[in-house]
1. Largest first, how would B:Met84, B:Met197 line up by accessible area (1.4 Å probe)?
2. Roughly speaking, what is the centre-to-centre gap between segment B:236-290 and segment A:143-218 when only Cα atoms are used, to the nearest Å?
3. Rounded to the nearest 10 Å², what accessible area does B:Tyr461 have for a 1.4 Å probe in the complete protein model?
4. Report, ordered by chain and residue number, the lysines lying within cross-link reach of A:Lys73, taken as a straight Cα distance under 19 Å and ignoring same-chain residues fewer than 8 apart.
5. For chain A, with a Gaussian network of springs between Cα atoms less than 10 Å apart, report the residue from A:Ala101, A:Ala174, A:Ala128 with the top mean-square fluctuation.
6. So how long is each side of segment B:44-95 along the principal axes, counting just the alpha-carbon atoms, biggest first, in Å?
7. Would you mind telling me which residue in A:Gln103, A:Gln70, A:Gln138 has the biggest mean-square fluctuation in a Gaussian network model of chain A, where springs connect alpha carbons within a distance under 10 angstrom?
8. Separation of segment B:163-192 and segment B:433-477 by C-alpha centroid, Å?
Amino acid sequence: MATSVAHTSAPTHHHYTTLGLDSRKVAIWAFIGSECMLFVSLISTYLIYKGRSVIGPFPHESWTDPSTGQVLKPILNIPVTSASTFVLLMSSLFMVLALAAVQNKELPKRTRGERILGNSKLWLFMTALAGTIFLSFQAFEFTSFVHEGLSIRRNLFGSTFFTLTGFHGAHVTAGVLWLVTLLAIDYRRGLGSRDSLLVDICALYWHFVDVVWIVIFTLVYLLR
Amino acid sequence: MATTAIRTPAYGAEYPGEHGGLYSWLATVDHKRIGILYLYTALGFFIFGGLEAVVIRAQLGAPNQHLVSAEFYNQLFTMHGTTMIFLAIMPLSSAFFNFLIPLQIGARDVAFPRLNAFSYWVYLFGGLFITLPIFFAVAPNGGWFGYAPLTTKAYSPGLNIDFWVIGLQILGVSSLAAAFNFLTTIINLRAPGMTLMRMPMFTWMAFVVQVLLVLAFPVITIALVFLLFDRFFGTNFYNTVSAGADPLLWQHLFWIFGHPEVYILVLPAFGLVSEVIPVYSRKPLFGYPVMVYSGILIAVLGFGVWAHHMFAVGMGPIADTFFGLTTMLIAIPTGVKIFNWIATMAQGAVRYTTAMLFGVSLVGLFTIGGISGIMHSSPPADLQQTDTYFIVAHFHYVLFGGSIMGIFAGIYHYFPKITGRMLDEKLGKWHFWLMFIAMNLTFFPMHFSGMLGMPRRIYTYDAGQGWDLYNAMSTIGAMIFPIAMLFFIYNFFKSRRSGEIAGSNPWGAGTLEWSIPSPPPEYNFAKIPTVTTRYPLWEGKEPDHESARINAQEGKTPHELGIIIPYSTMKPLLVAAGLIIMFCGLIWSHVLLAVGAGTLILSLYSWLLSPLEPEHS
């Protein structure tokens, strides 16, 4: 296993490429382009159906059930989601530090600060942890919404909201698994600057997922 | 199964399992072998989809027939469309992408050989998943476009649509994985000197198609996810009755994918014909840069015309005008291509081989389909034509007259390169003329039956509406197709066994793939060539004589040449199997779902953590 892991990251300098880049880096950009269209479709559908739900609960307005007279408050909890958004944005910073730590693995570390900044395990862990915290917030949000009467079957808002944010959550989950895998490789044999591509493509994906969240947070939570 | 008819490609002894036999096909990561697998599988589905059409035409041959029930007829036309689009034409194009792209750009394989194998296995399993239900009369029955809310649980409660939604989702995975792979290959694995504007036109059109796939498939993925959620989890995306959903949401999402899909189907054929016509005219392609730009323009405009499929839903005059105009604009780059092919032939030393006949027929037949297309780009005209057989005539002229004719041109042209032997020209010409007559006899009368008001998708009709003669003609034409295909199948297998030996360049073509032996060795190019012109074998100033000499040598093993060949592996097959089992679990049992997901994750990790090829020594 350990030897096979070593093979994975063997530098591919002996392969001539037109751009001089590793093909995996080109492919991840193509993949991100495709993912843009995926989220564009999800977000457009959310916006098209915004305000068209026949029954509540609604995201920003309260709703009185005509049959029972029960009042359902606006369902989005913007302060809580702002906190989870902050955590996710911080994870992008940790991701940058993780990549820099791997790229500069071979440089001498003189001060304590340099040693902390150069600790790729720490930053990979912190990125994965921030992602996990974000997912926990989402799990909390989903369950509390269901308790307040908003299920995926309830109305157009429920269907579009859970599908859009659920798809994003699934992307964060995949990213966390990717980060944990890199962390495991780092523990097993250590990631050095020759492996930086492995971290680089994961970082591109991670930042993309973060950017998508900024769009979702703005359009779903902040826009009334 | 072995297509190594002449000479087994030379494999080094240190690559166990690569000596032939079933395992070597299950575990192959060689783009040429994967291309051959695509070719066989897609031809199989093409014949199956054709037989469905024969039953459809038999049912419609005369008024008031009851050969099949109305319900089964729905399954037949749905599966005919779905099969031809997703299981025949797209993968036939993929067969050529696989076989040709690396050879045309001077590469040893695609960028991700194992991902390539994965794409094929997902396609095969997904194809079987969506096709087999017809034997149990539970095939999809909502049309290839699957309009929601008709396809929601409320109106289509059976398993039929479940197979369609999940099947297309599976096939989308295959198409997207292949598109990332080919896109990266074309961008990053071109030989030194192979600039973008020196790339063969087939590779250029393949490049454009990959961009379309990458951008269009996520949209249908999401539309299908909504439908899947509606059907399995009770969401409201297409619930127009109680939740206030928009009945046009599906149509917009579907056609934002569906119209680029039309170009995904036809541009590869355009690319093949752009290789075929210059070779048999002994002239370089006329107006190469304009051919490139028009291909790109078709793709760009292709994203701005989707709602011309929806003129009848009442979008209002502004939307109708916009989409009518953009649709008319597409005629310009397409017309440029037609004129450039004609100009390529003009004053050339034209040889009418079978490949050339198919190629030239594309130019003519596609023009007919293109012109009827311009007729219904005008919303008022379209309101008369929509949902009639006029539309059926139109899209069969572009997809049969365009895509299929182009693909057969490609098959006749490249068979010698793929197998090392020539197809029989006499049988080929029988095949061509029968197919050409069948095609026109079947589809031309549909213009008339459509103009006389015969609607699409009806399973029978009353006599005395003026449709009888045209339907009888179409049915007779449809019965000629199987005869034409028998000529092709006989020719294919006979020639593969005992056809004339082809040699590296039987047609005197000018592009790189003809500089290496036929069939090409496993490593393609013994020495990666340096490219200086668009037609390196024609223009005579090839400075790279040394690599040309080395590449023409036969029978060298990769080991002798010091070339590293990727390991064979069945892991992509296992991942694909896990994916299919997981999706099957959605229909049959949650145990299957868990087993599939487990297989998928374990084999995916095992794939990603194992090396592609031996360490460089």
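The values are calculated or read from the model by the stated rules, or taken from the named source; none is laboratory data. Note that this is a predicted model, so its numbers are computed, not measured. In this analysis, Cβ positions are derived from the backbone assuming ideal geometry, glycine residues included, and neighbour counts consider all displayed protein chains. Accessible surface areas use protein heavy atoms only, side chains included; no ligands, DNA or RNA. Shrake-Rupley method; radii C 1.70, N 1.55, O 1.52, S 1.80 Å.
1. My answer, sorted largest first, is B:Met197, B:Met84.
2. 32 Å
3. Estimated to the nearest 10 Å², B:Tyr461 gives 10 Å².
4. A:Lys50
5. Of A:Ala101, A:Ala174, A:Ala128, the Gaussian network model singles out A:Ala174 as fluctuating most.
6. For segment B:44-95, the Cα spread along each principal axis is 41, 17, 13 Å.
7. Of A:Gln103, A:Gln70, A:Gln138, the most mobile in the Gaussian network model is A:Gln70.
8. After rounding, the separation between the Cα centres reads 37 Å.
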